[in-house]
1. Scan the stretch 118-152 for residues that are farther than 15 Å from Leu162 by Cβ, in contact (Cβ under 8 Å) with a residue 12 or more places away in the chain, out of contact with any Pro (no Cβ under 8 Å at 6 or more places or on another chain) and of a type in the set (A, V, I, L, M) and report the count.
2. What is the number of the single condition among (1) farther than 13 Å from Leu130 by Cβ; (2) among the hydrophobic types (A, V, I, L, M, F, W, C); (3) touching a Phe, Trp or Tyr at 6+ places or on another chain (Cβ under 8 Å); (4) not in a strand (DSSP E or B) that Leu70 does not meet?
3. Considering every residue within the stretch 45-53, establish whether at least one is within 15 Å of the chain's Cα centre (by Cα), farther than 18 Å from Ala141 by Cβ and not in a loop (DSSP other than H, G, I, E, B).
4. Return a yes/no flag: does the stretch 125-148 have any residue that is assigned to a strand (DSSP E or B), under 25 Å from His8 (Cβ atoms), modelled with pLDDT of 95 or more and over 16 Å from the mean Cα position of the chain (by Cα).
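The values are calculated or read from the model by the stated rules, or taken from the named source; none is laboratory data. Computed from a predicted structure; not experimentally measured. Backbone-built Cβ (ideal geometry, glycine too); neighbour counts: all protein chains shown.
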Amino acid sequence: MATGSTIHTFDVQLADVDRGVYDDFTLRMARHPSETDAYMLTRLLAYCLEYEEGIAFTEGVAATDEPAVLVRDLTGRVTAWIEAGAPDATRLHFGSKLADRTTVYTYRDPAKVIANWAGKTIHEADAIVLHSFDPGFLDDAAAALARRNTMTVSVTERQLYLELNGTHLSTTVHDHGIR
């Protein structure tokens, strides 16, 4: 954890009907001073939407050679490389070569994120999906953030329903091919 980081705790109830994943868990996230609320929430939602055995946060913005979230199998091999924000093409290329699958969750305009990758070499780019949320969704969620949080995440037919500290929000999870 970086010096000056703020710890946020999330008691999560997850019901992902689309994937048949249901679980309750507690997450402790270190928020680096340079990290925005939108970036932290994107990391958190990426974790929830990709939740499976072996999933873990990395050091976030402090990690230069890892994505925001990784999934490893029991041998330690990386099976999923999950980025948050707007990673550069070199990181995606590296992650796609290393992991079985690579995906990105962004809080930015997806068209601009994809445009930054145009013409760049990205291993198996056709298999990488960029996920985004409705405009304003993360800003509204950020207004409900506290140091200790309770949240319910429900997903059905790519519609995400979020209850965060008594605030109810919803968004479509938009999927974009990067090529």
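1. The total comes to 5.
2. Of (1) farther than 13 Å from Leu130 by Cβ; (2) among the hydrophobic types (A, V, I, L, M, F, W, C); (3) touching a Phe, Trp or Tyr at 6+ places or on another chain (Cβ under 8 Å); (4) not in a strand (DSSP E or B), only one is false for Leu70: (4).
3. No, because not a single residue in the stretch 45-53 is within 15 Å of the chain's Cα centre (by Cα), farther than 18 Å from Ala141 by Cβ and not in a loop (DSSP other than H, G, I, E, B).
4. yes
Matching residues to (1) closer than 20 Å to Val129 by Cα; (2) out of contact with any Asp or Glu (no Cβ under 9 Å at 6 or more places or on another chain); (3) acidic (Asp, Glu):
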position	(1), (2), (3)
Glu35	no, yes, yes
Ala38	yes, no, no
Gly76	no, yes, no
Thr103	yes, no, no
